[in-house]
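The values are calculated or read from the model by the stated rules, or taken from the named source; none is laboratory data. Quick caveat: nothing in here was measured; it's all calculated off a predicted structure. As a convention, Cβ positions derive from the backbone with ideal geometry for all residues, glycine included, and neighbour counts pool all protein chains shown.
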Amino acid sequence: MPKKLDDLTPELYLKYKRTKLRDDQIARLYGCSQETLVQWKRKNGLVGVNIQSWSIREKYFPEEIEKMKKKFIRLYKKGWKREAIAEELGMSRQTLTRFVLKYLPHMKAYDVKVKLTKEQKQIIQKHGLRIDTVRHRIYAGWPIERALTEPIQRKRKDVS
């Protein structure tokens, strides 16, 4: 017996979407047409919603964010490296950095000083970079060799 569309909640709809169900499959599950489902989505403010965005996760899945925060803290205290934590949480290093800045600003997880050797400092000077720039690049997930050597891209002014 198909479910009633009245029983569908925004949270349940988003959970279906996260399990990769398409709208036509959800409509079939609730015994309605895709057009009716689209009207329901409009009514509930779900047209064009990105289920991966942090604001949607905060609104509909706050428990998921809390679990991720706790897991990050646990792994960080165990001494795991950023790459390993990011992989464990299913995100890139850059996304992990943004996650920590947004949800765990008190952690200062990336304020760990990067120790640069004399040779690395010479390379930085040779390429006309600042040490702060290189540290920021490393925190952002750049490979050290690229962080040390890639020149800063200057913004070009359009001459019209």
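Among the residues that make up the stretch 2-20, is at least one of them outside any helix (DSSP H, G or I) and either small (Gly, Ala, Ser) or closer than 24 Å to ARG135 by Cβ (or both)? Checked the stretch 2-20: no residue is outside any helix (DSSP H, G or I) and either small (Gly, Ala, Ser) or closer than 24 Å to ARG135 by Cβ (or both).
On the stretch given as the stretch 70-96, residues that are polar (S, T, N, Q) and not in a helix (DSSP H, G or I) total 1.
For the stretch 119-132, the criterion of being within 30 Å of GLN52 (Cα to Cα) and in a loop (DSSP other than H, G, I, E, B) is met by no residue.
Screening TYR16, TYR30 for residues that are closer than 21 Å to GLU64 by Cα and at pLDDT 90 or above leaves exactly one candidate, TYR16. Residues that are over 30 Å from VAL100 (Cα atoms) and of a type outside the set (D, E, K, R) occur in the stretch 43-57; there is at least one.
Taken over the stretch 100-149, residues that are touching a helix residue (DSSP H, G or I) at 6+ places or on another chain (Cβ under 7 Å), among the aliphatic types (A, V, I, L, M) and at pLDDT below 80 amount to 5. For the stretch 23-31, the count of residues that are assigned to a helix (DSSP H, G or I), of a type in the set (A, V, I, L, M, F, W, C), closer than 30 Å to TRP142 by Cβ and touching a Lys or Arg at 6+ places or on another chain (Cβ under 9 Å) is zero.
Identify, please: which residue in the stretch 12-30 is surrounded by 11 or more Cβ atoms within 10 Å (Cβ to Cβ) and of a type in the set (D, E, K, R) and is, among those, farthest from LYS59 (Cα to Cα)? Across the stretch 12-30, the extreme among qualifying residues is ARG28.
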